[in-house]
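What follows is one structure encoded as structure tokens, with my remarks underneath.
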Amino acid sequence: MFTADNYIVANSVEEAYELNKARNSTVVGGMLWLKMSNKKFKNIIDLSKLELDKIEETEEEIQIGAMVSLRELETNEILKANFGEAFKESVRHIVGVQFRNCATIGGSVYGRFGFSDILTLLMSLDCYVKVYPTGIIPIEEYAKQKQENEILEKIIIKKHNYNISYLTQRLTKTDFPILACSVAKIDDKYRVSIGARPMRAVLVENELSSNPTEEEIVKLQNHIEETVKFGSNMRASGEYRKLLAKILTKRAIENIGG
Amino acid sequence: MRVVNKPIRKKDAMMLVTGKPVYTQDIAPKDCLVVKLLRSPHANAFIEDINTTIAMKVPGIECVLTYKDIPQKRFTMAGQSYPEPSPYDHLILDKHLRCCGDPVAIVAGENEKAVDRALKLIKVKYDVREPLLDFTKAKDNEILVHPEEDFKALCDVGADNKRNLCSTGNFSYGDVNAEFEKCAHIVERTYHTKANSQAMMETFRTYTHMDLYGRLNIVSSTQVPFHVRRILANALDIPKSQIRVIKPRIGGGFGAKQSVVSEVFPAVVTIKTGKPAMMIFSRSESMTNGSPRHEMQIRVKVGSDENGVIKAIDMYTLSNAGAYGEHGPTTVGLTGHKSMSLYAGANAYNFDYDVVYTNTMGGGAYRGYGATQGIFALESAVNELALKLNMDPVKLREKNMTAEGQVMESYYGELCASCALDRCMEKAKEMIGWDEKYPCKDMGNGKVRSVGVAMAMQGSGISNVDVGAVEIKLNDDGFYTLMIGASDMGTGCDTILAQMAAECLECDIDNIIVNGVDTDQSPYDTGSYASSTTYITGMAVVKTCEKIRQQILAEGARLLKTEVENVDFDGQKVYTLDNSSSVTLSEIGYSSYVAGGGCITASESNFSPVSPPPFMVGMVELEIDKLTGQVEIIDYVAVVDCGTVVNTNLARVQTEGGIAQGIGMALYEDIQYTKEGRMINNSFMQYKIPTRLDVGKIRVEFESSYEPTGPFGAKSIGEIVINTPSPAISNAICNATGLIMTELPMTAEKIAMGILENEKN
Amino acid sequence: MEIKVKINGKVYQDNIDADMLLLDYVRSKGCYSAKRGCETANCGLCTVWLEGKPVLSCSVLAMKANNKEVTTLEGLEEEAKEFGAFLADEGAEQCGFCSPGFIMNVLAMKNELENPTEEEIKEYLSGNLCRCTGYMGQLRAIKKYLEQKSKGE
């Protein structure tokens, strides 16, 4: 557990950013991961006054505030209407309801955790993050960056015709994934992301046609085998993860059904 | 029976479900010093120099203790009857650190922040040595885990610290080699089971204080209060009379708390400072320096004739004691005796074992206590024998299973006086639909459903060692106090023993209040372990009730002014046999409280020359994804013969809980170390135990035999229930995929990779 | 730091450390039902309600509850007794250490889900670990409780 001297509820994103510039300050999201650090903080910055806990829909996009809880992602009607069960499927395995009531999407995305379910899903969507002061950048770019002092405000997902299959393999039902795979058919193009390798999720380039043939799928599987890096940890070997990535990708494409 | 064999609510149930403060930490004084440990970062090291000066200067720090401040008298932390079979190889603080997390210093202070700061300010210079981590290379290795000269074993368990041997031994009956010569089919294979954490929800914790008589009071979450008193007197080098141990409610034990784990540290602080002190183990500490199940390697050789009649069993167990020998010499014995005895008809048995020291966490007692590992190995081998014979594994067992009236040569030559294993098998088959489902069914999508089977046994107490005593007092108004030394750890023994008393005394269970455990007041009981309480202490209740009934009759007769031969007692009143007059129990109670009436109280102690095994059959139905190796538990049926079921609810929940733990052990629970010897999965985030989504459906039935030496015909239930999942699941995996699983846990990865390997060949 | 928080209907005002956890705060107010079972937010023993929603009090700073309402099992005595009786009748409290956090979440589930299926019950409560019971007795108790609730209302 960390220690902290002050708890500050920021009144604006600008204020949060200024406070967060100090080396020994940090923004607190759900605190689930932060709690496990042993750092000494001067300031803990709370964003809960900034109205970042909303999911909003416009003509072109869905905006998810950084302070939206994982539980909200699971039950939200706007997300369900636009993305089917994908959000629910990507978070329902995460520990339990109480945990998901605490954990925020901002915390998950900012953390760029290797095991992140939500990052794996978002990577497969036409998704951007709004960061103060930088502005709006694609999620796959953000995912590659180091953790900075910037304030993650929102996740923005462009509207399309989505058909998504999110699949994982786990030791127990609520454990981290051994491997996560998200395949989204966006209009008639596919985006494939592989997470929990156990490194951060990556996008896999693909040449899948609108109705992928067996051959195309095999080609993609080979491409994954050749280009995607997998590592070993206490949960599984890299070799097994590679096997899973190929199987789950194929199944996800089949689930979407062309 | 009115009260026994009924689903009686636990006496403490409503207090627990309304969240009342009844556990150690809840009832501790607010001014307890916070006690924490500086733990070794090395698996094998000597403290060259330790400086606590700066740490002592942190405001609020009361004391910083090192090995220089602590009695250097070796003892064992194992909660066993004296003389303990576990070697005396432990010090509270030692200069030699034998595993990661071994305590280096004890820090006590007014608050957690001060203690945390002080811990960082202790300066230690370590002489770091190469650790011995591979238990298969430990025997006669040049790295010695216990090189010390004052190492000693009180019992002849074959301990030799100069060979890294915690224990070694052999059991033999008949001539196995001669029998194997004659066998038509032989299976020989080596199995590997891992260390597992009990993962009880309440971690180890203790608070201590000096009472008004200047005696050390220890309030602790323990299964063995009387052993704690003896062990601490030993460790602290003070008279036993100066220690009092109290056990409040416990948040689970499963054997973990059959060792002294947290008690010594606050006790030492209180002795040094005179102040109350409390130590709460973090989850991480409970995981890295608890008392886990011993990792074992077990070689099994089993042979049968052409018809599948088992003729000989040979086993060799290598057990990893880890850094300390707590429960090492005893758990290993069960791997052989409590597995081979499932097949009492063989002509010959042989069992050899070695228990070795390494620089990993010291082992302890965990539900099943070696039998779990042995049964996984032997039952897996028997399933493979069935495969060789091309015989249904259920049929093979029906041919060979131990039956009532047989002498179990591999079980200390005991007669099997009660056994319903045959009925358990029949019932389990019917419940799961074995004949329709064996061996498997293809579900499409690469998924296969299959079934698997295993049998299990355990003991009921430790024969000729364990003792349980109870005391019953009649109070005014006619209610009874049942004083027990057995430790209810959530299992419900307070209630179960009260049920037996209520049955014997023909009263309502609410008319019996239960009190336990306080070593100053409770009658002696070895403690709640080895599946002993219902069987051993239960019989003490029966005997005590007989005695107090005699006293009630005598007092009743005195009040009725007649001879005791002329009266009887019906639980409510003592009445003359001619029904001419009576006196109520309440009146007898009142009269015993005034001059002229005697004190009505009785106490009996009980031990048993035998340890009758409960038996059970477990069957599982799985769905296996043949591509990913993923295993889903669809259905688990268990049929148990624990003799007469004393509390039908509690026995069922024990069984369901044991099976869930067994599922975790079978599929993913796995203590792992880095190559430096640091335990990796030291949290619930990394050490996965089953959630309610992982256990499928568990269905339990009872097929009771009647154990003549047990109270109301009862045997034990607490431990046996963890023994079937590993071998039954292994069998189902084999029936779906043809894979022979030899190592736990049987993860999806091992299955998927195994299938791929098989396809290649 | 100044904090004002309502716990089980009673308002408390204190000066606390910024890094004090809600779990330690409610325990300091005598709400001992909330327990610590792990350090990694995995066990559910510390479950309390924050503004009516079940959260892990081991992972929420007390300051986060400033000007908010916290409920522990002590504040739900009647409901605890009512559901607890079903649990007790199955013997499914066993050691009882996980019971308060578990019951907090069962009651939250009852408020949130209408006629949950068995699978929904298991999913909602999957963050409440129990090492004693194997979960079956808890499920029996929940089903009987919900059945009675649906009859009664």
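The values are calculated or read from the model by the stated rules, or taken from the named source; none is laboratory data. Treat the numbers as computed from the prediction; the structure is a model and nothing was measured. Note: ideal-geometry Cβ built from the backbone for every residue, glycine included; neighbour counts use all protein chains shown. Just the protein is used for accessible areas: all its heavy atoms, side chains included, with ligands, DNA and RNA removed. Shrake-Rupley method; radii C 1.70, N 1.55, O 1.52, S 1.80 Å.
Ligands, DNA and RNA are left out, and with a 1.4 angstrom probe the accessible area of the range B:19-101 is 36 Å² per residue. From the Kirkwood radius over Cα pairs of the range B:468-606, Stokes-Einstein at 37 °C and 0.692 mPa s returns a whole-number translational diffusion coefficient of 217 µm²/s.
With a 1.4 Å probe rolled over the protein heavy atoms of all chains, the accessible area of B:M539, A:M199, B:M401 falls in the order A:M199, B:M539, B:M401, largest first.
For the range A:1-47, taking Cα atoms only, Rg and Dmax work out to 10.0, 28 Å respectively. Taking only protein heavy atoms and a 1.4 Å probe, the accessible area of the protein assembly as shown is 48% carbon and sulfur. The heavy atoms of C:R36 offer some 80 square angstrom of accessible surface to a 1.4 angstrom probe. Residues of the range A:80-125 whose accessible area, computed with a 1.4 Å probe over protein heavy atoms, drops by at least 30 Å² once all protein chains are present relative to their chain alone are A:R92, A:V95, A:V97, A:Q98, A:F99, A:N101, A:C102. Overall, chain C carries a charge dipole of about 180 debye about its Cα centre when +1 sits on the Cβ of Lys and Arg and -1 on the Cβ of Asp and Glu, all other atoms neutral. The alpha carbons of chain A stretch over 59, 45, 31 Å along the principal axes, in descending order.
Sorted into 10 angstrom bins from 0, the C-alpha pair distances of the range B:588-712 split as 10, 25, 22, 19, 12, 7, 4, 1, 0 percent.
Report the antiparallel proportion of the DSSP beta bridges in the range B:468-606 as a percent, rounded to a multiple of 5. Just about 80 percent of them are antiparallel.
With a 1.4 Å probe rolled over the protein heavy atoms of all chains, the accessible area of B:L744, B:L756 falls in the order B:L756, B:L744, largest first. Secondary structure note: in the range B:456-515, about 55% of the DSSP beta bridges are antiparallel.
The phi torsions of the range B:340-347, fed into the Karplus equation with coefficients 6.51, -1.76 and 1.60 and a -60° offset, translate into couplings of 4, 6, 6, 10, 6, x, 5, 8 Hz, rounded to whole numbers, with Gly and Pro shown as x.
Ordering B:G444, B:Q242, B:S591 by the projection of their Cα atoms onto the charge dipole of chain B, which places +1 on the Cβ of Lys and Arg and -1 on the Cβ of Asp and Glu, puts B:Q242 at the extreme positive end. Straight-line reach from B:K247: which lysines have a Cα under 18 Å away, not including same-chain ones fewer than 8 places off? Excluding near neighbours in sequence, the set is B:K10, B:K11, B:K20, B:K257. Net charge dipole, the range B:303-378: roughly 240 debye, given to the nearest 20, about the Cα centre with Cβ charges of +1 for Lys and Arg and -1 for Asp and Glu. May I ask you to find the residues of the range B:11-29 that are shielded by at least 10 Å² of accessible area once the whole protein assembly is considered instead of their isolated chain (probe 1.4 Å)? For the range B:11-29, once contacts with the other chains are taken into account, B:A13, B:M14, B:L16, B:V17, B:T18, B:G19, B:K20, B:P21, B:Y23, B:Q25, B:D26 lose 10 Å² or more. Between the residues C:A108, B:P29, B:T724, the greatest Cα displacement towards the positive end of the dipole of the protein assembly as shown, with unit charges on the Cβ of Lys, Arg, Asp and Glu, is found for B:P29.
Helical content alone sets the calculated 222 nm signal of the protein assembly as shown at -8500 deg cm²/dmol, taking -39,500 (n - 2.57) per DSSP H segment of four or more residues and averaging over every residue. With respect to chain C, whose longest principal axis is taken over its alpha-carbon atoms, helix C:136-152 is tilted by about 90°. Think of each Lys and Arg Cβ as +1 and each Asp and Glu Cβ as -1; about the Cα centre, that makes the dipole of the range A:3-46 roughly 340 debye.
Shown for the range A:55-158 is the translational diffusion coefficient from the Stokes-Einstein equation, using the Kirkwood radius over Cα pairs, a temperature of 20 °C and a viscosity of 1.002 mPa s: 158 µm²/s. Accessible-area loss of 20 Å² or more (1.4 Å probe, protein heavy atoms, chain alone versus all protein chains) is found in the range A:133-173 for A:Q169, A:L171, A:T172, A:K173. Buried accessible surface for the A/C chain pair comes to about 2200 Å², total over both chains, computed with a 1.4 Å probe. Restricting to lysines 8 or more places apart or on different chains, can you count the pairs in the range A:1-83 with Cα atoms under 30 Å from each other? Summing the qualifying lysine pairs gives 13. For the range B:1-121, relative contact order (Cα pairs under 8 Å, six or more residues apart, normalised by length) works out to 37 percent. Kindly identify the range A:108-258 as rounded, prolate or oblate by the Cα gyration tensor criterion: order the square roots of the eigenvalues as a ≥ b ≥ c, call it rounded if a/c is under 1.5, otherwise compare a/b with b/c, prolate if a/b is larger, else oblate. In terms of gyration-tensor shape, oblate. Counting heavy atoms of the protein chains alone, B:L415 has an accessible area of about 100 Å² for a 1.4 Å probe. Does the range B:472-529 classify as rounded, prolate or oblate by the C-alpha gyration tensor (a ≥ b ≥ c root eigenvalues; a/c under 1.5 gives rounded; else a/b over b/c gives prolate, otherwise oblate)? Judged from the Cα gyration tensor, the range B:472-529 comes out oblate (a/c at least 1.5, b/c at or above a/b). Among the listed pairs B:K688/C:K4; B:K182/B:K399; B:K36/B:K125; B:K73/B:K473, those with a Cα-Cα distance over 30 Å are B:K688/C:K4; B:K73/B:K473.
With the cut-off at 1.5 for a/c, could you classify chain C from its C-alpha gyration tensor as rounded, prolate or oblate? Prolate is the answer for chain C, as a/c is 1.5 or above and a/b outweighs b/c.
Peptide packing: for B:153-160, B:68-75, B:355-362, the average count of neighbouring Cβ atoms within 10 Å per residue gives the ranking B:355-362, B:153-160, B:68-75, highest mean first. Could you state how much accessible area is buried at the C-B interface, both sides summed, with a 1.4 Å probe, in Å² to the nearest 100? Looking at C and B, the buried total is near 4300 Å².
The mean count of C-beta atoms from other chains within 10 Å of the C-beta of residues in C:45-52, rounded to a whole number, is 2. Projecting the Cα atoms of B:S282, B:L622, B:V700 onto the charge dipole of chain B, computed from C-beta unit charges around the Cα centre, puts B:S282 farthest toward the positive end. In the context of the full set of protein chains, the range B:468-606 has a per residue accessible area of 36 Å² (1.4 Å probe). Residue by residue along A:2-14, Cβ atoms of other protein chains within 10 Å of the local Cβ number 3 on average.
Across chain B, the mean sequence separation of Cα contacts (distance under 8 Å, 6 or more residues apart), normalised by length, yields a relative contact order of 15 percent. Heavy-atom accessible area buried between chains B and A is around 1900 Å² (1.4 Å probe, both sides summed).
Taking all protein chains into account, the per residue accessible area for the range A:3-135 stands at 39 Å² (1.4 Å probe). Legend: residues B:W434, A:W33, C:W49, sorted from most to least accessible area (1.4 Å probe; ligands, DNA and RNA excluded), read A:W33, C:W49, B:W434.
Inter-chain Cβ neighbour count for C:28-35, averaged per residue, equals 3 (cutoff 10 Å, partner chain atoms only).
A probe of 1.4 angstrom, applied to the heavy atoms of all protein chains, finds B:D237 with accessible area near 90 square angstrom.
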